[in-house]
Amino acid sequence: MPKTPHGKDGRKTHASPNLSSSVVTTLKEEIVHWHYPPEHRLTEDELCKRFGVSRSPVREALRVLASDGFVKKLSNRGYAVKQYTIDEIQELYEVRLALELYTVERLATKPPTGLAAELDDLQQTWTELLKASSKAPEEFAILDTLFHDTLALALGNKSLLRHLRTINERLTLFRMLDFDRPHRAEHTCRQHLEILERIIAKDAAGARIAMQDNIESGRANIHTAVKDALARAYLKKT
């Protein structure tokens, strides 16, 4: 059996091409959930030790994360976590709103083949959730994201879907915190059902109004959500 090669520091050097992807996935999820405060430094030595890998997959992972905007490269000092400011989060919501309004308008005016079945499934799902909207905030945030993702997927615009998924990924924690508010889950169920009804009725204007109401409801809580996220991040580091 061939021996596992070792690096200069004596640690085993893993050659699996999936190692950097695994590091990226883990760090991205932690950054999205604000396990790190803004500007928290990520060093190669610490990450190599934590993941039990050589420098090569760690460097590739950090390069990918920097390219995707989750970390930023520091001059001769490694990388730092990039958490969005309130203004940047507001900008994300503005772009998300534009994409979502376009989506429901197109679905209402030019419904693609198979849309009726998709909408029927969504109606059943959210009607059931309305009857029992007591799920944990994190679980409900996932279901909420899936609702919007399904509508964008039905539209068939791959570029729009890719951008929307990127934005929603960065808004994950804020949506979780939003669903921690009293009656927010129930209100969201009703909003989603209204959006679906307007699309089915081919009421583009009504669908846009319903979607805007849904997104603005979450956006209104951003300042409080950011404070909560920062508190969580610094608490995890103490």
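Of all the listed residues (Leu164, Leu196, Leu173, Leu153), the sole one being touching a Phe, Trp or Tyr at 6+ places or on another chain (Cβ under 8 Å), modelled with pLDDT of 95 or more and surrounded by 17 or more Cβ atoms within 10 Å (Cβ to Cβ) is Leu196.
Scanning the stretch 81-114 for residues that are at pLDDT below 95 and either aliphatic (A, V, I, L, M) or touching a Pro at 6+ places or on another chain (Cβ under 9 Å) (or both) returns Val81, Lys82, Gln83, Tyr84, Thr85, Ile86, Ile89, Leu92.
Filtered by the rule that a residue be surrounded by fewer than 18 Cβ atoms within 10 Å (Cβ to Cβ) and farther than 12 Å from Gly156 by Cα, the stretch 106-117 gives Thr109, Ala116, Ala117. For the residues Leu107, Leu42, the requirement of being without any contact (Cβ under 8 Å) to a residue 40 or more places away in the chain and more than 19 Å from Arg219 (Cα to Cα) singles out Leu42. Within the stretch 73-95, the residues that satisfy the criterion of being out of contact with any Asp or Glu (no Cβ under 9 Å at 6 or more places or on another chain) and among the basic types (Lys, Arg) are Lys73, Arg77. When Ala210, Ala141, Ala231 are checked against the criterion of being surrounded by fewer than 17 Cβ atoms within 10 Å (Cβ to Cβ) and among the aliphatic types (A, V, I, L, M), Ala231 stands alone in meeting it.
Among the candidates Ser217, Ser134, the residue that is at pLDDT below 85, in the same structural domain as Glu91 (by TED's automatic domain parsing) and among the small types (Gly, Ala, Ser) is uniquely Ser134. Does Ala231 satisfy the condition of being within 24 Å of Pro112 (Cα to Cα) and of a type in the set (Gly, Ala, Ser)? No.
Close Cβ contacts (under 9 Å, 6 or more residues apart or on different chains) running from residues in the stretch 141-165 that are farther than 19 Å from Thr188 by Cβ to residues that are buried (at least 17 other Cβ atoms within 10 Å of the Cβ) and among the acidic types (Asp, Glu) comprise Leu153/Glu118; Ala154/Glu118. Here Phe147 fulfils each of the conditions (1) over 17 Å from the mean Cα position of the chain (by Cα); (2) surrounded by 12 or more Cβ atoms within 10 Å (Cβ to Cβ); (3) not assigned by TED's automatic domain parsing to the domain that holds Thr26 apart from (1).
The values are calculated or read from the model by the stated rules, or taken from the named source; none is laboratory data. For clarity, every value in this text was computed on a predicted model and none was experimentally measured. Note: ideal-geometry Cβ built from the backbone for every residue, glycine included; neighbour counts use all protein chains shown.
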